[in-house]
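The values are calculated or read from the model by the stated rules, or taken from the named source; none is laboratory data. Quick caveat: nothing in here was measured; it's all calculated off a predicted structure. So basically every Cβ, Gly included, is an ideal-geometry build from the backbone, and we count neighbours across all protein chains shown. Please note that ligands, DNA and RNA were not included when accessible areas were found on the heavy atoms of the full protein model with its side chains. Shrake-Rupley method; radii C 1.70, N 1.55, O 1.52, S 1.80 Å.
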Amino acid sequence: MFRWERSIPLRGSAAALCNNLSVLQLPARNLTYFGVVHGPSAQLLSAAPEGVPLAQRQLHAKEGAGVSPPLITQVHWCVLPFRVLLVLTSHRGIQMYESNGYTMVYWHALDSGDASPGTWSGRVLVFDIPAKGPNIVLSEELAGHQMPITDIATEPAQGQLWQGIIAAGYGNGQVHLYEATTGNLHVQINAHARAICALDLASEVGKLLSAGEDTFVHIWKLSRNPESGYIEVEHCHGECVADTQLCGARFCDSSGNSFAVTGYDLAEIRRFSSV
Amino acid sequence: MSVRTLPLLFLNLGGEMLYILDQRLRAQNIPGDKARKVLNDIISTMFNRKFMEELFKPQELYSKKALRTVYERLAHASIMKLNQASMDKLYDLMTMAFKYQVLLCPRPKDVLLVTFNHLDTIKGFIRDSPTILQQVDETLRQLTEIYGGLSAGEFQLIRQTLLIFFQDLHIRVSMFLKDKVQNNNGRFVLPVSGPVPWGTEVPGLIRMFNNKGEEVKRIEFKHGGNYVPAPKEGSFELYGDRVLKLGTNMYSVNQPVETHVSGSSKNLASWTQESIAPNPLAKEELNFLARLMGGMEIKKPSGPEPGFRLNLFTTDEEEEQAALTRPEELSYEVINIQATQDQQRSEELARIMGEFEITEQPRLSTSKGDDLLAMMDEL
């Protein structure tokens, strides 16, 4: 069971994008960072454990070519083995900052016909990131996906994928679980009645969070069948965020005991924690 | 964002405008032939070939203010006039109605069905005019050609582009409040029951497969909603059963439609910034307007056809009151085009833009001697 915790107010409402909430936990400093896209700006805020907001700032997408101010499509903390980068994507390009959002370390302009990496055009951009400094290099582009994908979650890249499972959320409300080594589909969940906008994994316990435009959040427990070794899943919990088309959802701790969501036109981050 | 959004936005908002005008014309007891003339004139201007050509060019969306200017022009394409307060209310109703329809579309592609619903009803308004009917059918054909082949992902992008356009708009509409599709805080009700979109399965089932793709286990779970399968898919042809009700005419003859325009909500903060801060895109938007309205062929009124004023409110006093009490942050700055050197052109522009009394609306400043004004001369 989860209960609704104190919400964190936002300066502007969340935009109707996929995966519109990024969370970075900094347990050593007793802080959590949240990132939400409003439109032409992304809001970064830090909060103390009880959700007490501490600091807020806004980042804007770089202008690049074109007549109107670019709209940001995603903000995300990428936790790499040796550093954390804040990535901002817009249709003009990709910007990378140090994790507190103060220093931009890289900017990659996209051609005007491109979409964000990993979304509508199905292209994935791969960057080589050094341990320190701004020498980031675009190493390759994968044109693997023909169909649009709304989100993919893998475990934060400190270690391996969670027991070799890849989770994908689709525009028709289904969650698919694939075996990473073979690429085989092993689980198909009719999870939501509308497009899925976000997925997140709580790596410590193998819990998966899915949020959809149908106003629901669902939590799933991933496992492997002890005999066959095949991927299995069970439903743990469902939560309805009334009249809110969700656009972002994240676990706020790695044991999956709390999560936060954002919604279109909602000017706050809603938090839930288990009782 | 998608560069194919404008035609859908424009046609659907235009459709809502016609529904509302039709209802007000009847409520105000305007004689049948005058009412028909007004609708015919507006529809024929809207679907004019040159105008449609400009509209369908791939382009980004412009602001709510810029688009409002086009509708204001359109609403005055005939013998009917609207005061500022009524035009404001009309635009409020139009935008909230289409926002509602976009939000509630089961699939992103269904926004095309909503568009077809609007066009189907518009064709009913001009049943007796074969030339205008042809224009509308031509637009329908263009829509099926351009949008018929778009992927689900591209429609999702169009949907997101539309939702960004409508972000933070929470005007309360009495008809929506009464029908319980809108809450008192201006948010729309998103039902968790009813048919799922075409192509989506009813939530509640987990299927597990082995290495050969054979199903080895299935379990059900309680997902919290109350959904049923979709009955059938709406038709995307020129004629057909659209199935979806969104986009059909929800205004009945004698139902007065109020809007409550609430100010002082902190959610309006971002929108306020957009409308009060100097707009660096002003010139771009004026260029866009010039292009679009340049394609509008307004017939000059032939003969002494007396014009009349339509009121979106129940009384003149109410209209005046609405004008006085509209919150600052929700005012649409009217873009006033300055007189140019060409006397006739300036008179025509003045007639187009400023026939009725514009009281205290601030002018959007453009620098003198701009290329833009020269461009307007060429219209």
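Taking the Cβ-Cβ separation of A:Leu31 and A:Val275 as r and a Förster radius of 25 Å, what is the calculated FRET efficiency to the nearest 0.05? The partial results should precede the final answer.
Values: r = 24 Å, r/R0 = 0.95.
FRET efficiency, A:Leu31 to A:Val275: 0.55.
When +1 charges are put on Lys and Arg Cβ atoms and -1 charges on Asp and Glu Cβ atoms, the dipole computed for the stretch B:93-133 relative to its Cα centre reaches about 120 debye. Spin-label model, B:Asp316 to B:Val243: label points 7 Å out along the Cα-to-beta-carbon direction sit 5.1 nm apart. Panel note: contact residues of the stretch A:14-52 (accessible area lowered by at least 10 Å² against the chain on its own; 1.4 Å probe) correspond to A:Ala15, A:Ala16, A:Leu17, A:Cys18, A:His38.
Find the sum over both chains of the accessible area lost when B and A are paired, probe 1.4 Å, and report it in Å² to the nearest 100.
Numbers: alone 19030 and 12950 Å², together 27800 Å².
The summed interface area works out to 4200 Å².
A simple charge model with +1 on the Cβ of Lys and Arg, -1 on the Cβ of Asp and Glu and nothing else charged puts the dipole of the stretch B:3-78 at about 80 debye relative to its Cα centre. Between A:Leu266 and A:Ala14, the built amide H atoms are under 5 Å apart, and every one of these is 5 or more places off in sequence or on another chain.
Find out how many positive minus negative residues lie around A:Ile269, taking Lys and Arg as positive, Asp and Glu as negative, among other residues whose Cβ is under 13 Å from that of A:Ile269. Overall, the nearby charge balance is +3. At R0 = 25 Å, how high is the FRET efficiency between B:Gln134 and B:Lys178 if r is their beta carbon distance? Nearest 0.05 is fine. FRET efficiency, B:Gln134 to B:Lys178: 0.05.
The phi-based Karplus calculation (6.51 cos²θ - 1.76 cosθ + 1.60; θ = phi - 60°) puts the 3J(HN,Hα) values of the stretch B:79-91 at 8, 9, 10, 10, 6, 3, 4, 5, 5, 4, 5, 4, 5 Hz, whole numbers, x for Gly and Pro. Each residue of the stretch B:223-238 is assigned a 3J(HN,Hα), and the resulting list reads 9, x, x, 9, 9, 10, x, 6, x, 7, 8, x, 8, 9, 7, 4 Hz, derived from the Karplus form 6.51 cos²θ - 1.76 cosθ + 1.60 (θ = phi - 60°), x at Gly and Pro. Distances between placed amide hydrogens fall under 5 Å for A:Ala249 paired with A:Asn20, A:Leu21, A:Thr262, all partners being 5 or more residues away or on another chain. Summarising the label geometry, the points placed 7 Å from Cα in the beta-carbon direction at B:Lys57 and A:Val79 lie 4.9 nm from one another. Projected label points at A:Ala109 and B:Phe236, each 7 Å from Cα along the beta carbon direction, are separated by 3.6 nanometres. Residues whose amide H falls under 5 Å from that of A:Gln74, counting only those 5 or more places apart or on a different chain, are A:Thr89, with hydrogens built in the peptide plane.
Distance cut-off 20 Å, Cα to Cα: go down the list B:Lys65/B:Lys89; B:Lys34/B:Lys89; A:Lys221/B:Lys222; B:Lys99/B:Lys245; B:Lys37/B:Lys123; B:Lys57/B:Lys99 and report the pairs above it.
On the way: B:Lys65/B:Lys89 14 Å; B:Lys34/B:Lys89 22 Å; A:Lys221/B:Lys222 15 Å; B:Lys99/B:Lys245 15 Å; B:Lys37/B:Lys123 14 Å; B:Lys57/B:Lys99 23 Å.
Table pairs above 20 Å Cα-Cα are B:Lys34/B:Lys89; B:Lys57/B:Lys99.
Peptide A:194-202 shows a mean partner chain C-beta count of 2 within 10 Å per residue C-beta. For B:Ile43, the solvent-accessible surface with a 1.4 Å probe is about 0 Å², rounded to the nearest 10.
If you keep only loop residues by DSSP, which trypsin sites (Lys or Arg not before Pro) in the stretch A:172-275 have at most 14 other Cβ atoms within 10 Å of their Cβ?
Working: sites: A:Arg194, A:Lys207, A:Lys221, A:Arg224, A:Arg250, A:Arg270, A:Arg271; in loops: A:Arg194.
Sparse-neighbourhood loop trypsin sites (Lys or Arg not before Pro): none present.
Given a 1.4 Å probe, how much area per residue of the stretch B:35-172 is accessible, in Å²?
Details: 3840 Å² over 138 residues.
I get 28 Å² per residue for this part.
Placing unit charges on each Cβ (+1 for Lys and Arg, -1 for Asp and Glu) gives the stretch B:154-220 a dipole about its Cα centre, and among B:Ile164, B:Pro203, B:Gly186 the Cα reaching farthest toward its positive end belongs to B:Gly186.
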